[in-house]
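The values are calculated or read from the model by the stated rules, or taken from the named source; none is laboratory data. Quick caveat: nothing in here was measured; it's all calculated off a predicted structure. Ideal geometry is used to build each Cβ from the backbone, glycine not excepted, and the neighbour counts take in all protein chains shown. All accessible areas refer to the heavy atoms of the entire protein, side chains included, with ligands and DNA or RNA removed. Shrake-Rupley method; radii C 1.70, N 1.55, O 1.52, S 1.80 Å.
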Amino acid sequence: MLVAKLGRPNPPITDIGLPLDTEYADHIDFNDEDEENLRTLLPLATEILKEWNLSVNEDKTDFTHVYLASKCEKYDTGKPVAGNELWRKSITLGSMLCSKEDISRRISLGYAAFSRYQKAWTSKIPLNKRLLLYEALVVSVMMYNSCCWAASKSVLNKLDVVHRRHLRSILNYVFPNIISNENLYRRCNTEPLSVRVKRNLWRMLGHVLRGPKDGPAYTSLVFAINTLQYPGRVGRPQSNLFTLLKHDLSNHDIFLNNLNDLIYLRNLAFNKVVWRSMQYN
């Protein structure tokens, strides 16, 4: 009803499949290629939502311009804009839009959480209980929304380094006492967080494929496939969630180049036994 009153397409999808609206609980995003259209929508949405006793805090509403800057662009300070665009640190649903920036933030939050419960790690609580506490209080913070990360191995390696540092501290391994990474994971009955990120990504893909076809996640996947026919930008290809998914699928000899491939993949995802076996393979 809101979409109809705002004059947006219903369903809110462009001709080439770009989702215009995404909602989660009390959070909603409006997407458009023209910022002026979005600024016009804000007071209209505020007025309409009042009819349903829903309020919009315009002071907390952000307008985020997502783009890739050219190499010649610079800020007033002389810092290059490319790779440091403002949208990269924009937060939605608790996560930054840029995976690299979000992982750095998650690492900082993980350090803060670990320090907050320092007494628990050095207490006489049995090791298995301490590890359970660590998983619940620290790892959950560092891995929040990790299913949406599109990060390189070097960035994920930073996450693994912090994880191992925490585990060594819990086991009270300090120099000159050492333990190999392999034995550390075995002793703590765990695995690198980077492996969990891959698994979470695969699990998330399964949920998206089994979800409604008119949902924002699935329509975004359709949009990504439809835009494969258009020429890409000049320069080195950018790593994103879609290219990462395609790479992981290719390891299983599955390709995602057209909508027929997507239909095949969707049917495959409904076989949860097979999908789960691929997830752990």
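Numbers below:
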item: Surface per residue (accessible, 1.4 Å probe) for segment 136-250, Å²; result: 55
item: Gyration tensor over alpha-carbon atoms, segment 43-100, equivalent ellipsoid semi-axes in Å; result: 33, 13, 9
item: Coil-residue GluC sites (Glu not before Pro) of segment 22-99, DSSP, other Cβ within 10 Å capped at 14; result: Glu33, Glu51, Glu73
item: Among Leu109, Thr122, Gly83 the positive-end extreme of the charge dipole of the chain (Cβ point charges); result: Thr122
item: C-alpha center-to-center spacing [segment 203-281, segment 24-79] in angstrom; result: 28
item: GNM flexibility winner over the chain from Gly83, Gly206, Gly215 (Cα, springs under 10 Å); result: Gly83
item: Reduced Cα scattering model of segment 148-199, Debye log10 I(q)/I(0), q = 0.13, 0.23, 0.25 Å⁻¹; result: -0.33, -0.87, -0.97
item: Listed peptides 193-201, 61-69, 263-271 by packing density, highest first (mean Cβ within 10 Å); result: 193-201, 263-271, 61-69
item: Within a Gaussian network of the chain (alpha carbon springs, distance under 10 Å), most fluctuating of Ser95, Ser115, Ser180; result: Ser180
item: Cα-based equivalent ellipsoid of the chain: semi-axis lengths in Å, sorted from largest, via gyration tensor; result: 37, 25, 21
item: Expected 222 nm ellipticity per residue - DSSP helices of 4 or more, -39500 (n - 2.57), all of the chain, to 500; result: -14500 deg cm²/dmol
item: Gaussian network model of the chain, springs between alpha carbon atoms under 10 Å - residue of Val161, Val141, Val56 with greatest fluctuation; result: Val56
item: Burial ranking of peptide ranges 108-114, 182-188 (average Cβ count within 10 Å, highest at the top); result: 108-114, 182-188
item: Dipole-positive endmost among Ser99, Asn37, His65 within the chain (Cβ charges, Cα centre); result: Ser99
item: Proximal charge balance of Arg164 [Cβ under 15 Å; K/R count +1, D/E count -1]; result: +2
item: Segment 211-261: mean projected area of Cα convex hull, nm²; result: 4.3
item: Lys, Arg +1 and Asp, Glu -1 on Cβ, resulting dipole of segment 182-281 about Cα centre, debye, nearest 20; result: 280
item: Viscosity 0.890 mPa s, temperature 25 °C, Stokes-Einstein D of segment 137-281 from Kirkwood C-alpha radius, µm²/s; result: 141
